[in-house]
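> Supplied in structure tokens, the structure appears directly below.
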């Protein structure tokens with residue numbers, strides 16, 4: 001069961017986030033083999049973290065809830081909310097398989113929270129090398 005998990009930071013939580021860095025990484029290490037993609041989101045300045053994204057393959061909804069809500073930053077109040085949604089890895093690769101696409105510039109997280117439809121990634125779609133997940 002593939003899932004998209006987005007933890008959005010609470011305003012002013014950066015010191016607590018920094019304090020819990022090692023606990024966060026130790027927790028994520030337990031899911032290393034199940035992670036499809038992960039990483040922070042940033043403010044417009046490209047420096048200040050605004051949240052964390054994890055795309056993970058877990059056995060069932062209970063495991064998904066545990067992953068999202070047992071995370072140390074979540075437990076300590078770093079995050080103001082959590083978005084947890086089913087995911088389908090249309091590209092069939094992990095971020096570690098990502099061919100790299102363009103160099104430099106920004107990367108963007110685009111969430112389309114509309115009707116349940118599979119993305120059209122056929123030959124006419126944008127170059128797949130530009131897409132991480």
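> Mind listing just one residue for me: the one in the range 44-81 that is touching a strand residue (DSSP E or B) at 6+ places or on another chain (Cβ under 8 Å) and closer than 12 Å to residue 34 by Cβ and, of those, surrounded by the fewest Cβ atoms within 10 Å (Cβ to Cβ)?
Among those that are touching a strand residue (DSSP E or B) at 6+ places or on another chain (Cβ under 8 Å) and closer than 12 Å to residue 34 by Cβ, it is 57.
> Which of (1) within 22 Å of residue 9 (Cβ to Cβ); (2) modelled with pLDDT under 90 is the odd one out, the single condition residue 83 does not satisfy?
Result: residue 83 fails condition (2) only.
> Out of 46, 100, 77, 114, I need the residue that is at positive phi and modelled with pLDDT under 80. Which one?
100
The values are calculated or read from the model by the stated rules, or taken from the named source; none is laboratory data. The model shown is predicted, which means the values in this text are computed figures rather than measured ones. Positions of Cβ are backbone-derived with ideal geometry, glycine not excepted, and every protein chain shown enters the neighbour counts.
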